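Since the structure comes first, as structure tokens, the remarks are kept for the end.
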Amino acid sequence: MIGFLLSSVAILLFIIIAPFGFLWQIITNLKGVNKYLFKVAVSIDQMGNVVCNKLLNDVMIKGNLHKFGNPDETISSVIGKNHESGTLTFFGHSLHYLLNKIEKNHSENAIEEDENERKANE
């Protein structure tokens, strides 16, 4: 019950405060907008990894080797790890292909970025 309550409050506060924080950041830091937007994208990606972990595990991968759901990991990183281990489903391969069309070696680079981030925080 406490998890439900805390997640509800967090979602409500995010919906109310995030638009103001987003605009404030962009208005007051025009030089750092690209870096800021990248951090926002990574945060959303990590949240999606947690929020959709059951769906992603069921639809994107075969087996239990590299599962979705780690709050410190991006969807791209998990896709990359499963691509390397050959455990992607058709949908996983499709997402891997799409991500790599947007940015060459995106999923593989995401693995390295997540591991470097983890080491920096130790």
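Val78 meets all of the listed conditions (1) in a helix (DSSP H, G or I); (2) over 23 Å from Gly3 (Cβ atoms); (3) in contact (Cβ under 8 Å) with a residue 12 or more places away in the chain; (4) of a type outside the set (Gly, Ala, Ser) but one, namely (2).
Scan the range 81-96 for residues that are more than 21 Å from Val50 (Cβ to Cβ), of a type outside the set (Phe, Trp, Tyr), out of contact with any Asp or Glu (no Cβ under 8 Å at 6 or more places or on another chain) and assigned to a helix (DSSP H, G or I) and the total you get is 3. For Val33, indicate whether it is modelled with pLDDT of 95 or more and part of a helix (DSSP H, G or I). When the stated conditions are applied, Val33 does not pass them.
Residues in the range 50-101 that are closer than 26 Å to Ala18 by Cα and in contact with a Ser or Thr (Cβ under 6 Å, 6 or more places away or on another chain): Ser76 only.
The set of residues in the range 1-33 that are closer than 18 Å to Val50 by Cβ and β-branched (Val, Ile, Thr) comprises Ile2, Val9, Ile11, Ile15. Pairs linking a residue in the range 89-109 that is within 24 Å of Asn64 (Cβ to Cβ) and free of Cβ contacts under 8 Å to residues at least 24 places away in the same chain to a residue that is surrounded by 11 or more Cβ atoms within 10 Å (Cβ to Cβ) and of a type outside the set (A, V, I, L, M, F, W, C), with Cβ atoms under 8 Å and 6 or more positions apart or on different chains, are His93/His83; His96/Gly80; His96/His83; His96/Ser107; Leu99/Ser76; Leu99/His106; Leu99/Ser107. Within the range 64-73, is even one residue surrounded by 11 or more Cβ atoms within 10 Å (Cβ to Cβ), over 23 Å from Lys104 (Cβ atoms) and free of Cβ contacts under 8 Å to residues at least 12 places away in the same chain? Within the range 64-73, none of the residues are surrounded by 11 or more Cβ atoms within 10 Å (Cβ to Cβ), over 23 Å from Lys104 (Cβ atoms) and free of Cβ contacts under 8 Å to residues at least 12 places away in the same chain.
The values are calculated or read from the model by the stated rules, or taken from the named source; none is laboratory data. The structure presented is a predicted model; accordingly, all values stated were derived computationally and were not measured. Every residue, glycine among them, receives a Cβ derived from its backbone with ideal geometry; neighbour counts consider all protein chains shown.
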